[in-house]
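First comes the structure, then the notes that go with it.
The values are calculated or read from the model by the stated rules, or taken from the named source; none is laboratory data. Quick caveat, the model's predicted, so the values are computed rather than measured. All Cβ positions, even for glycine, are placed from backbone atoms using ideal geometry, and neighbour counts span all protein chains on display. For accessibility, only protein heavy atoms count, side chains too; no ligands or nucleic acids. Shrake-Rupley method; radii C 1.70, N 1.55, O 1.52, S 1.80 Å.
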Amino acid sequence: MKRIVVEVVPEETRMALIEDDRLIAAHAERPAHQHLVGNIYKCRVQNVLKGIEAAFVDIGAKKNAFLYIGDGKDKVKGETIHIGQSFPVQVTKDAWGTKGPSVTRTFSLPGRNVVLMPNAERIAISHRIADRDERYRLLSLAKKLRPEGMGIIVRTAAEGESEKALKDDVAYLKHLWEMLMARSRLLAAPSLLYRDADLIIRTIRDYMTDDVDELIVDDRDAYHRMIDLISYLSPELKERVKLYDGAVPLFHAYGIDDEMKTLRNRKVMLPSGGFLVIDRTEALTVIDVNTGSFVGRDNLADTVYKANLEAADEVIRQIRLRDIGGIIIVDFIDMDTDEQKEGLLNALREKVKSDPTKTVIVDITPLGLVEITRKKSRHNVQSLFYSSCPCCDGRGYVASPETVGVLISRDIRHIESEHHSEGGYDVELNDKVRLALIERKTMEHLANELSVKIRLTPRSDFHPERYVILSDNE
C-alpha cells in the first residue's frame, strides 16, 4: 500500500509518503522559508573570480548566488562574463549555512512526463524505467519530439504514456521557455522570471503516479487544486485523491507526527536491537552502524552480515526521509569476505533505485567505509524544523562544570598574580554549575590555596559556560 498524506495549515504545508505503513519521505514548506530551487532569475554579475572560475551574481536574495563558469556548461561559447552583465540563471541549490544559493545557466523546466532543457542538446530516460522495450519506445519518442537545439529528460511518470501526452508536455514547456525569455528582455536585473511550483503542485506532478493507491489531503482549496491538475495530467487517477474531514489532525491520525519527531534524534534504533548514529557536518554526513543488543543465532560472520543488511535498509530510508544530500560516509560493521561486501553494496544499490533524488553508491574504501553521494538542492525537513542550539551553538555539547571550574580558577589565579584581593572574589555563574562546584569543593580548595574568600552567586539566567568574577580590585 502506497499512500500520500498532505496536511495544510496557514503556517505550513506538509507532505508524507508512506509505503507499507512506513514513512519513506517527508517534505514541508512554509511561507517564510520558500525554496528557491528551480526558480529562474535575471541576475546581475557582482564579482568575477578567475582564480576559482566562478562569479557571484545578484538574484535579489539576501546573499549573492554562486555561478561556476569553469567547465563551459555555465557560459555561452566565446563569451567572457564581466561585472555588470545581466542574464538568466536557474537556482540549483538553496542557501546553506554561510553560503548563498548556487545557480546555473543550464536550464531545466519540469513537466509531468518530461523535463525540457532549453540549452542542452541531450536525451535521457529515467533510470527507474527498467523495461528495455519501454525505454526504447520512449527514447524514440524523445528523439522525435525534441525541439531543435534543446534536450529532453523522460521522467518515470512517462512510462506507458501516449505520444500525445509527451507531445503536449513538450509543447507547453517550450511555450513557457519562450515566455520567460521574452520577460527577461523586458525586465531589469535582478528580477524573478519563473517560480517553481509549490508543494501542493509538486506533490501531484512528481509523486502522484500509477503505483500510489491514495492521496489524502485535509484542505478543501488544496484538494480542488490537486483535482484540477490531475484531471489534466492523469484523469484516471482522480478518484484516488480524497478530502479528509476528520476531527483529529491528519498527520496525527496516521501516526506521522510521532515519526517526524524522531528526525531530530542522532540515534535510530533497528528492529533487531542494533542502532544507527547519524552526525551531520558542513562537509559531509557520517552514519555509524552498531550491533547493540543484536547477537544473532549463527556464527559471527553471518550475524554481522545480517546486521549490516538490516542497517542498509534503514540507512537508505533515513537518508531519503531526512533528505540528506552531498557526501555520506557509512561505517558498517567490519565484514570478512569480499562476497559479503559486494552483497551489501548490491543491496544498497537496489534500495536507492526507489529514491527520486539521484543517489550513487560509490564503493567500500580500504578502511571499510561505504561512500555515498546524493544530490543536494532544497533545504531538508530537519533544517526547516530545527535551528542550531543557542546553548551549545550547534556543537552538540557545552563545557562541563569541572571545565568551567578550571577556567574560573585560572582567571582568579591570574588576577591574584597581579594584585591580591583582600576582600576576596564574588563569582556569578549558572546555578547548576555552582552546585556541581560546591559538591566537588573546587572553589573551597582554591580559596585555601590563595588565602582568599570566594563566594559563588547563582544566576538562573546564565548560560552554563558563562561566569562573572568580581573583586575589590575593580
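Quick notes on this one:
- Evaluated against (1) at pLDDT below 90; (2) open to solvent by less than 20 Å² (accessible area, probe 1.4 Å); (3) over 23 Å from ILE18 (Cβ atoms), MET260 falls short on exactly one condition, (3).
- All positions within the stretch 120-178 that are farther than 18 Å from ARG205 by Cβ and in contact (Cβ under 8 Å) with a residue 60 or more places away in the chain: HIS127
- Qualifying residue in the stretch 195-202 (condition: more than 24 Å from ASP221 (Cβ to Cβ) and open to solvent by 30 Å² or more (accessible area, probe 1.4 Å)): no
- The sole residue among PHE66, PHE107 that is aromatic (Phe, Trp, Tyr), touching a residue at least 24 places away in the same chain (Cβ under 8 Å) and in a loop (DSSP other than H, G, I, E, B) is PHE107.
- Scanning the stretch 146-175 for residues that are assigned to a helix (DSSP H, G or I), out of contact with any Pro (no Cβ under 8 Å at 6 or more places or on another chain) and open to solvent by 30 Å² or more (accessible area, probe 1.4 Å) turns up GLU163, LYS164, LYS167, ASP168, ALA171, TYR172, HIS175.
- Residue under evaluation ALA124, criteria (1) part of a strand (DSSP E or B); (2) surrounded by 18 or more Cβ atoms within 10 Å (Cβ to Cβ); (3) in contact with a helix residue (DSSP H, G or I) (Cβ under 9 Å, 6 or more places away or on another chain), criterion not met: (2)
- Residue that is most open to solvent (accessible area, probe 1.4 Å) [pool: residues in the stretch 11-28 that are under 15 Å from SER354 (Cα atoms) and part of a strand (DSSP E or B)]: ARG22
- Considering each residue of the stretch 364-386 in turn, at least one proves to be closer than 30 Å to GLY326 by Cβ, among the hydrophobic types (A, V, I, L, M, F, W, C), free of Cβ contacts under 8 Å to residues at least 24 places away in the same chain and surrounded by 13 or more Cβ atoms within 10 Å (Cβ to Cβ).
- Test result for ARG205, out of contact with any helix residue (DSSP H, G or I) (no Cβ under 6 Å at 6 or more places or on another chain), in contact (Cβ under 8 Å) with a residue 24 or more places away in the chain, of a type outside the set (A, V, I, L, M) and surrounded by 12 or more Cβ atoms within 10 Å (Cβ to Cβ): yes
- In the set (1) exposed (fewer than 15 other Cβ atoms within 10 Å of the Cβ); (2) touching a residue at least 12 places away in the same chain (Cβ under 8 Å); (3) assigned to a loop (DSSP other than H, G, I, E, B); (4) not acidic (Asp, Glu), the condition left unmet by LYS432 is number (3).
- Some residue of the stretch 314-335 being part of a helix (DSSP H, G or I), touching a residue at least 40 places away in the same chain (Cβ under 8 Å) and open to solvent by 40 Å² or more (accessible area, probe 1.4 Å): no
- Extreme residue, most open to solvent (accessible area, probe 1.4 Å), among residues of the stretch 208-231 that are within 17 Å of ASP169 (Cα to Cα) and free of Cβ contacts under 8 Å to residues at least 60 places away in the same chain: ASP228
- Test: residue in the stretch 38-53 that is assigned to a loop (DSSP other than H, G, I, E, B), of a type in the set (A, V, I, L, M, F, W, C) and in contact with an Asp or Glu (Cβ under 9 Å, 6 or more places away or on another chain): no
- Flag for ARG240 being surrounded by 12 or more Cβ atoms within 10 Å (Cβ to Cβ), charged (D, E, K, R) and out of contact with any Leu (no Cβ under 9 Å at 6 or more places or on another chain): no
- Failed condition for VAL8, given (1) surrounded by fewer than 19 Cβ atoms within 10 Å (Cβ to Cβ); (2) modelled with pLDDT of 90 or more: (1)
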